[in-house]
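The values are calculated or read from the model by the stated rules, or taken from the named source; none is laboratory data. Keep in mind the model is a prediction, meaning the values are calculated, not measured. So basically every Cβ, Gly included, is an ideal-geometry build from the backbone, and we count neighbours across all protein chains shown. Ligands, DNA and RNA are excluded from the accessible area calculation, which covers all protein heavy atoms including side chains. Shrake-Rupley method; radii C 1.70, N 1.55, O 1.52, S 1.80 Å.
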Amino acid sequence: MARSRDCFGSLESFERSRRHMLTSLVGFGRRTITGLLRTQNRHQQDWTADYRFYSQDRFDDQAVFDLVRKILESHLDKPQPLVTAMDDSLLRKTGRKVHGVRYVRDPLSPPFNVNLVRGLRVLQISAALPDGTGAARMVPIDFQHAVLPSKPSRNATPEQLQAYTQERARRNINKVAAARLEWLRQQMDQSGDAQRRLITCVDGRFTNSTVFEAVPQRTVLIGRLRKDTVLYHLPQAQPEKGRKRKYGTLAPTPEQLLEDQATSWQVVRGYACGQMHPFKVKRLGPVVMRMNGATMPVQVVVIKPLGYRLKAGGKLLYRRPAFRVCTDPDLSLEQVLQDFLWRWDIEVNFRDEKTLLKIGQAQVRTENSTQNAPALGVAAYGLLLLAATQAYGKNAVPDRQHQPKWYRRGADQRATTNELINQLRIELWASALQPQHFSDFMTAFDTDQKSEKTELNPAAAMFSCVF
């Protein structure tokens with residue numbers, strides 16, 4: 001956190017941000033602004049400065065995430081690409097006056113009954129930090145709201161409706177995703193990593209023409225493809241006169257490639273679910289798609305599902321096959337497979353941010369506050385993962401001597417976010433709960449004149465969730 005000093009205007013703002021970052025990680029109960037102040041034992045002081053810290057935009061969240069990215073890239077080799085994952089999520093809100101809140105589809109609703117909830121749509125980019133064994137941990141390096149403008153009233157003029165339509169199209173989440181991808185590429189070029197390739201893995205939501213037509217230079221996009229996507233081979237010859245051909249003969253769809261017996265399967269190993277697995281894949285490329293107007297050749301990869309059993313000796317079951325598209329037709333199958341397997345860890349990021357760190361619970365309403373309050377918590381989460389990597393290595397495993405007996409995790413498995421938070425609590429509060437003395441002789445009472453003061457009061461933090 002000390003390395004982020006330049007991201008804040010004044011020393012007072014930096015100290016305040018450090019207290020808020022620590023309390024958002026180690027606090028108990030709800031992560032509202034008042035909850036953070038209770039954990040800091042500052043609930044009897046004036047709280048307006050803490051709310052102005054967010055509403056008046058007194059820190060640069062993009063600079064903090066840029067610092068997280070630079071620290072992560074320092075752990076990578078020079079020719080190693082920066083593998084990222086981009087996905088959107090929903091921060092649920094109940095207030096009707098919160099900036100950008102609207103009714104959206106509940107992603108947890110069953111397919112036979114679509115539910116609507118109020119919330120904020122956010123977009124996050126996480127970068128992979130490989131540990132050398134095939135596994136990788138995703139660390140958040142960007143967090144941005146994808147807020148749509150407010151719909152005008154029924155009495156709005158045609159000019160207002162037209163302006164609303166244009167602004168809504170400009171703030172579309174696919175446009176925001178393309179802009180954040182371009183911003184990330186520019187930040188890498190400005191920091192001296194212009195030669196490092198950027199590989200971004202996205203889900204089916206961002207596999208569309210808006211994102212694929214805006215892929216920056218030295219950037220590779222790997223997305224999920226529909227099984228009935230129409231594909232074309234490259235044109236074999238060009239006419240001497242007239243418009244140049246962009247499409248050749250019709251190529252098989254991903255589903256036809258899956259069922260084609262003439263095309264043999266290739267065995268590629270990839271790390272998933274804690275160990276290496278052999279995957280059977282098929283490749284088709286280079287081909288072109290109508291999705292991006294045939295502006296660039298791509299390769300299509302079909303992955304056969306792995307078999308699994310619910311119990312020993314049970315029936316062998318299979319999941320659905322996976323269809324992937326990569327904008328670099330020369331990228332190896334091993335890298336395409338492994339990079340997309342790493343993408344799942346961004347879902348783990350969302351789960352940790354919402355369940356453990358309670359991102360989005362701050363009761364703020366203004367435009368700056370709704371962006372800055374969750375962004376600071378996500379940045380603290382990224383700094384926690386990097387600090388654990390520097391302290392314990394890329395596996396990030398603290399001391400597990402006192403873990404419960406019912407835990408079955410091995411010593412080589414990476415630490416969970418909850419373990420890292422508990423370790424941070426120990427380092428912050430152990431000296432306060434068990435004070436050390438200068439000698440073996442104790443006086444009748446502790447004068448507390450030279451003992452080190454903890455920045456977060458442990459008693460206030462423990463009892464903050466009671467009230």
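Given (1) within 22 Å of Lys70 (Cα to Cα); (2) surrounded by fewer than 23 Cβ atoms within 10 Å (Cβ to Cβ); (3) among the aliphatic types (A, V, I, L, M), where does Ala379 come up short, assuming only one miss?
(2)
Looking at segment 150-206, which of its residues are farther than 21 Å from Glu73 by Cβ, assigned to a helix (DSSP H, G or I) and of a type in the set (S, T, N, Q)?
Residues satisfying the conditions are Gln160, Gln162, Thr165, Gln166, Asn174.
Looking at segment 99-121, can you tell me whether even one residue there is surrounded by 12 or more Cβ atoms within 10 Å (Cβ to Cβ), within 14 Å of the chain's Cα centre (by Cα) and among the polar types (S, T, N, Q)?
So far as segment 99-121 goes, no, none of its residues is surrounded by 12 or more Cβ atoms within 10 Å (Cβ to Cβ), within 14 Å of the chain's Cα centre (by Cα) and among the polar types (S, T, N, Q).
Here is a list: Val230, Val215, Val211. Which entry is touching a residue at least 40 places away in the same chain (Cβ under 8 Å) and under 20 Å from the mean Cα position of the chain (by Cα)?
One residue alone meets the criteria, Val215.
What's the number of the only condition in (1) surrounded by fewer than 16 Cβ atoms within 10 Å (Cβ to Cβ); (2) touching a His at 6+ places or on another chain (Cβ under 8 Å) that Gln371 fails to meet?
Every condition holds for Gln371 apart from (1).
Can you find a residue that is at pLDDT 90 or above, farther than 21 Å from Leu386 by Cβ and either aliphatic (A, V, I, L, M) or not in a helix (DSSP H, G or I) (or both) anywhere in segment 67-88?
Yes, some residue in segment 67-88 is at pLDDT 90 or above, farther than 21 Å from Leu386 by Cβ and either aliphatic (A, V, I, L, M) or not in a helix (DSSP H, G or I) (or both).
Among what's in segment 210-224 and is open to solvent by less than 10 Å² (accessible area, probe 1.4 Å) and touching a strand residue (DSSP E or B) at 6+ places or on another chain (Cβ under 6 Å), pick the residue that is farthest from Leu331 (Cα to Cα).
Here the residue is Gly223.
If you check Lys315 against the conditions, is it among the basic types (Lys, Arg), over 25 Å from the mean Cα position of the chain (by Cα), surrounded by 14 or more Cβ atoms within 10 Å (Cβ to Cβ) and on the phi < 0 side of the Ramachandran plot?
no
So that you can scan it fast, the table gives a plain yes or no per residue for (1) closer than 21 Å to Arg351 by Cβ; (2) in contact with a strand residue (DSSP E or B) (Cβ under 7 Å, 6 or more places away or on another chain):
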site	(1), (2)
Leu90	yes, yes
His99	no, no
Leu108	yes, no
Pro140	yes, yes
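So, Arg351, is that one part of a helix (DSSP H, G or I) and surrounded by fewer than 18 Cβ atoms within 10 Å (Cβ to Cβ) or not?
Numbers: part of a helix (DSSP H, G or I): yes; surrounded by fewer than 18 Cβ atoms within 10 Å (Cβ to Cβ): yes.
In short, yes.
From Gln144, Gln186, Gln190, grab the single residue that is open to solvent by 30 Å² or more (accessible area, probe 1.4 Å) and under 15 Å from the mean Cα position of the chain (by Cα). Lay out the reasoning, then the answer.
On the way: Gln186 fails: under 15 Å from the mean Cα position of the chain (by Cα); Gln190 fails: under 15 Å from the mean Cα position of the chain (by Cα).
Answer to the check: Gln144.
For the condition in contact with a Leu (Cβ under 7 Å, 6 or more places away or on another chain) and closer than 26 Å to Val139 by Cα, what is the one hit in Arg196, Arg205, Arg168?
From the options Arg196, Arg205, Arg168, the qualifying one is Arg196.
Output the residues belonging to segment 138-183 that are touching a residue at least 60 places away in the same chain (Cβ under 8 Å) and under 18 Å from Thr207 (Cβ atoms).
Ile173, Ala177, Arg180, Leu181
For Ala262, are the conditions met, namely being under 21 Å from Asp228 (Cβ atoms) and either out of contact with any Cys (no Cβ under 8 Å at 6 or more places or on another chain) or acidic (Asp, Glu) (or both)?
Numbers: under 21 Å from Asp228 (Cβ atoms): yes; either out of contact with any Cys (no Cβ under 8 Å at 6 or more places or on another chain) or acidic (Asp, Glu) (or both): yes.
When the stated conditions are applied, Ala262 passes them.
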